[in-house]
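Undergrad: Here it is, the structure, as structure tokens.
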Amino acid sequence: MAAPALADERVAAGPGGRARRGPGRRRDHLVGALLVAPALVYFLVFLLYPALSALYYSFTDWNLRSDANWVGLANYADLLFDDVKYPHFWTSVRVTLQYTLIAVPLTLVAALAQALLLNAIRRGANLFRLLLFLPVVTAEAAVGAIWRWLYDPQYGLINTLLGLVGIPGQNWLNTPELVIPALAFIAAWQCGISMIIYLAGLKGIPGTIQEAAVIDGAGPWQRFWRVTFPMLRPTTFYLLVTGVIAALQVFGLVYVIFSGNGRSVTGGPEQSGLTYVLHLYLFAFRYDAMGAACAMSFILLVFIVIVTALQFRFVRQEAS
Amino acid sequence: MRKASMYAALVLLAAVSVVPFLWMLATSFKHGQDIYSKVPSLLPLDRKTGEWAATLGNYDYVLGVGGLGGAFVNSVWVCAVLVPAKLLIDALAAYAFARIPFPGRDRLFVIMLGGMMVPAITLLVPRIHVTQSLGMFDTGWGLIVPNIASVLDIFLMRQFFLSLPAELEEAALIDGAGRMRIFWTIVLPLSKPVLAVVTITSFLFHWNDLVWPLLVTNDPELYTLPLALQQLVASPDGGRAYYIMAGATLAVLPVIAVLLVFQRRILAGIAFTGLKG
């Protein structure tokens, strides 16, 4: 009789948790609550409260100099429709979308190519994997600093190498049309995390399926498009969704790349590198327009939710 | 033959990945005038004679005048306090969420997980405001306390704790051991893999983090290494690539050392969690 009762208790206690009776149980309640308390306080103070207050402030004209006055939807309406008050809002949207549309596919292609190659060799695979992973662990401040120097129009390595194959050097970070491709290339250079995840996906494809395709006479190209790539669709979908969410929030790297004098940031030539979050940062911390910045952050949140939902609706449906 | 072309492609890709670091390293050891060479060199060579001409002067300058010495110490301090404290807070909470029943536990856990869905950017502005209200703006505490727990890490550790055989802990309970003793003597020693992944990723994240220190500090005495490096880039020295690359090397070398030592755990951890930071 005792065993089923114990089983019930365990169910009540949640997975793996063993509930006790009497004083032991009361002590469990106390210990459990105490252990969770620090994390809970952190959650309330630095996550929940900021999220709710950001929503509230987005409906106010809060700046650092005066109290916040309720202005309803004015911030949202002005950001979206008043191009006198916020002349660069749509510029930053366009810049960010361009960046996302170039950087995410480029990153996925680079990551998949690297993963396929690593998966196909045996000798030296660990060393190559390590070398290809190096850019990922590098601080974005250092990445920005290194690439400013690589892209240097006169003495940079990129233009020198291009010169070797007869391509004229470019002023990469000072030519509006080249800024986004130059930034996207850095993103692809840092594709190591996607590469590792693709590699894990490739290891998960049963060897028997590939062998069957070989027996059926499929060449490497056919095997990739008919077997490997379809089998990797869940991985690709995951990387696409998370990659888009990250790309829409790109900030630190752009901040370093376009650092001007002191703490001023330019957003690149003719705002060609003014990403959405860089713009948000400028509003919040340069122009003291906290209310508008909070509204911008919720516009971004809604946009991310919509884009992610659309990807689930259309991309995953196609994938399944 | 096909293997050969695969290796050729990999060598090329690896070169794209690594050459920027080699060039950073070479530049950091070059004398000022030698970086303005018509033919950039991956070795610190004299621009005119082509002879070996390495110098440590750039490091001298950025560590001292450039302010990166103090920033390096700050970064070490922040990581030395933040990473263990965060690990402890997260592990304790994760253990309770996994094993110690109390009323409302699972509902609370789901709510906290929901908080992970909000993009970090949305929280940034009000988080600074909270930090200000707590009197921690532009202080060392401000670099540490607002980052001192992570819902993602709690989630990862809870999942791991749940995968441990419950019988061990139950036997200890029956033998009269308290929850905390079980946590320290049974659960933690069995959890080294997840503790390692969480510790390493959180070190890498906070060592590299630029955005939070940028927002929460004004005083150059408090700058962490990434922020000091960004400030150097933004200063009149920003055009002097030999200084900047010496600074970048200082920021990069520790994480490369960590990657070399812990590569297996880091790569396994990423394949497992799919996330960084």
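Each reported figure results from applying straightforward, stated rules to the coordinates on display, with no laboratory input. Being a predicted model, the structure only gives us computed values, none of them experimental. As a convention, Cβ positions derive from the backbone with ideal geometry for all residues, glycine included, and neighbour counts pool all protein chains shown.
Undergrad: Within 10 Å of each Cβ in peptide B:87-94, how many partner chain Cβ atoms are there on average? Round it to a whole number, please.
TA: What the average comes to for B:87-94 is 4.
Undergrad: Further question on the same structure: Beyond 32 Å, what percent of the Cα pairs of region B:67-273 remain?
TA: Considering region B:67-273, 28 percent of its Cα-Cα pairs are separated by more than 32 Å.
Undergrad: Would you kindly derive the ³J(HN,Hα) couplings of region B:119-136 from the backbone phi angles with the Karplus curve 6.51 cos²θ - 1.76 cosθ + 1.60 (θ = phi - 60°), listing them in order in whole Hz, with x for Gly and Pro?
TA: Taking θ as phi minus 60°, the curve returns x, 4, 4, 4, 8, 4, 4, x, 5, 4, 5, 4, 4, 5, 4, 7, x, 9 Hz for region B:119-136.
Undergrad: Quick check for me: using +1 on Lys/Arg Cβ and -1 on Asp/Glu Cβ, what's the dipole size of chain B about its Cα centre, in debye to the nearest 20?
TA: On the way: 19 positive and 16 negative charges, 155 e Å.
The calculation lands at about 740 debye.
Undergrad: Tell me the net charge near B:ASP46. Cut-off is 14 Å between Cβ atoms, B:ASP46 excluded, with +1 for each Lys or Arg and -1 for each Asp or Glu. Mind dumping the intermediate values first?
TA: Values: positive: B:LYS30, B:LYS38, B:ARG47, B:LYS48; negative: B:ASP34, B:GLU51.
Result for the local shell: +2.
Undergrad: Give me the Kirkwood hydrodynamic radius of region B:35-128, using the inverse of the mean 1/r over all pairs of distinct Cα atoms, in Å to one decimal. Could you put the intermediate results ahead of the total?
TA: Numbers: mean 1/r = 0.0524 Å⁻¹.
Final number for the Kirkwood radius of region B:35-128 is 19.1 Å.
Undergrad: Sticking with this structure for a sec: For all pairs of alpha-carbon atoms in region A:220-320, what percent lies in each bin of width 10 Å, listed from the first bin to the last filled one?
TA: Going out from 0 Å in 10 Å bins, region A:220-320 shows 14, 32, 25, 18, 10, 2 percent.
Undergrad: ³J(HN,Hα) across region B:102-110 via Karplus (A = 6.51, B = -1.76, C = 1.60, θ = phi - 60°), whole Hz, x for Gly/Pro?
TA: 8, x, x, 4, 5, 5, 4, 4, 5
Undergrad: Moving on. Under a cut-off of 20 Å between alpha-carbon atoms, report the lysines in cross-link reach of B:LYS38, not counting same-chain residues fewer than 8 places apart.
TA: Of all the lysines, those that pass the test against B:LYS38 - Cα under 20 Å, at least 8 places apart if same chain - are B:LYS30, B:LYS48.
Undergrad: Grab the beta carbon distance between A:ARG94 and B:TRP77, set R0 = 45 Å, and tell me the FRET efficiency rounded to 0.05. Walk me through the intermediate numbers first.
TA: Numbers: r = 42 Å, r/R0 = 0.93.
The pair A:ARG94/B:TRP77 has a calculated efficiency of 0.60.
Undergrad: Projected onto the charge dipole of region B:174-277 (+1 at Lys/Arg Cβ, -1 at Asp/Glu Cβ, origin at the Cα centre), which of B:PRO220, B:VAL187, B:GLY238 gives the Cα projection farthest towards the positive end?
TA: Towards the positive end, the residue furthest out is B:VAL187.
Undergrad: Then there's this: At 7 Å along the Cα-to-beta-carbon direction for both B:THR185 and A:VAL165, put a label point, then send me their distance in nm to one decimal.
TA: 6.5
Undergrad: Rounded to the nearest 0.05, what FRET efficiency do A:THR208 and A:PHE312 give with R0 = 51 Å and r taken as the Cβ-Cβ distance? Could you check? List each step's numbers first, then the result.
TA: Working: r = 31 Å, r/R0 = 0.60.
Calculated transfer efficiency: 0.95.
Undergrad: Toward the positive end of the charge dipole of chain A, about the Cα centre and with charges on Cβ (Lys, Arg +1; Asp, Glu -1), which of A:ALA213, A:ILE245, A:SER259 goes farthest?
TA: Selected residue: A:ALA213.
Undergrad: Extending each Cα 7 Å along its Cβ direction at B:ALA196 and B:ASP219, get the distance between those two points in nm, one decimal.
TA: Between B:ALA196 and B:ASP219, the label points sit 3.9 nm apart.
Undergrad: Only sites in a loop by DSSP and with at most 16 other Cβ atoms within 10 Å count here; which chymotrypsin sites (Phe, Trp or Tyr not before Pro) in region A:84-188 make the cut?
TA: Details: sites: A:PHE89, A:TRP90, A:TYR99, A:PHE128, A:PHE133, A:TRP147, A:TRP149, A:TYR151, A:TYR155, A:TRP172, A:PHE185; in loops: A:TYR151, A:TYR155.
When the chymotrypsin sites (Phe, Trp or Tyr not before Pro) of region A:84-188 are filtered for loop state and at most 16 Cβ neighbours within 10 Å, A:TYR155 remain.
Undergrad: With charges set only on the Cβ (+1 for Lys and Arg, -1 for Asp and Glu), what does the dipole of the protein assembly as shown come to about its Cα centre, in debye to the nearest 20? The partial results should precede the final answer.
TA: Details: 41 positive and 32 negative charges, 345 e Å.
Dipole of the protein assembly as shown, to the nearest 20 debye: 1660 debye.
Undergrad: Quick one: putting +1 on the C-beta of Lys and Arg, -1 on the C-beta of Asp and Glu, what dipole do you get for region A:172-320 around its Cα centre, in Debye to the nearest 20?
TA: On the way: 8 positive and 6 negative charges, 54 e Å.
That gives region A:172-320 a dipole magnitude of about 260 debye.
Undergrad: Now, a different point. Ignore the peptide's own chain and count Cβ atoms of other chains within 10 Å of each Cβ in B:233-244; give me the average, rounded.
TA: Working: counts 12, 10, 3, 2, 0, 5, 2, 0, 8, 1, 0, 6.
Average per residue, whole number: 4.
Undergrad: Related question: Quick one: give the max-minus-min coordinate of the C-alpha atoms of region A:81-319 along each principal axis, largest first, in Å.
TA: In descending order, the Cα extents are 66, 47, 28 Å.
Undergrad: Once amide H atoms are placed 1.01 Å from N in the peptide plane, what residues at a sequence separation of 5 or more from B:LEU45, or on another chain, have their amide H within under 5 Å of its amide H?
TA: B:ALA53
Undergrad: Express the Stokes-Einstein translational diffusion coefficient of the protein assembly as shown in µm² s⁻¹, to the nearest whole number, given a Kirkwood radius over alpha-carbon pairs, 20 °C and a viscosity of 1.002 mPa s.
TA: Details: Rh = 26.3 Å.
Value of D from the Cα-based Kirkwood radius: 81 µm²/s.
Undergrad: Per DSSP H run of n ≥ 4, the term is -39500 (n - 2.57); total these for the protein assembly as shown, divide by its residue number, and report the mean residue ellipticity at 222 nm rounded to 500 deg cm²/dmol.
TA: Helices in the protein assembly as shown give a 222 nm mean residue ellipticity of -21000 deg cm²/dmol.
Undergrad: May I ask for the angle, rounded to the nearest 10°, between helix B:192-208 and the longest principal axis of chain B, with both axes built from Cα atoms and the value confined to 0 to 90°?
TA: In chain B, helix B:192-208 runs at an angle near 40 degrees to the longest axis.
Undergrad: Mind pulling the per residue volume of the convex hull built on the Cα atoms of region B:107-169? Å³ is fine. If you can, show how the numbers build up before the last one.
TA: Values: hull volume 7.8 nm³, N = 63.
Convex hull of Cα atoms, per residue: 124 Å³.
Undergrad: Looking at A:GLY273, A:LEU150, A:VAL71, which one has the Cα that reaches farthest to the positive end of the dipole of chain A (charges on Cβ: Lys, Arg +1; Asp, Glu -1)?
TA: Positive-most Cα among the choices belongs to A:LEU150.
Undergrad: While we're looking at this one, here's another question. Can you give the mean number of other chain Cβ atoms that lie within 10 Å of the Cβ atoms in peptide B:51-58? Before the final figure, lay out each step's value.
TA: Working: counts 0, 0, 0, 0, 0, 0, 0, 0.
Other-chain Cβ atoms within 10 Å of each residue's Cβ, averaged: 0.
Undergrad: While we're here: For chain A, which DSSP H helices look membrane-span-like by this rule: Cα extent along the axis of 27 Å or more and mean Kyte-Doolittle of at least 1.6?
TA: Span-like helices in chain A: A:290-310.
Undergrad: If you don't mind, another one. Based on the Cα atoms of region B:1-55, what semi-axes does the equivalent ellipsoid have, where each is the square root of 5 times one gyration tensor eigenvalue, given in whole Å with the largest first?
TA: Values: eigenvalues 186, 24, 13 Å².
Semi-axis lengths for region B:1-55 are 30, 11, 8 Å.
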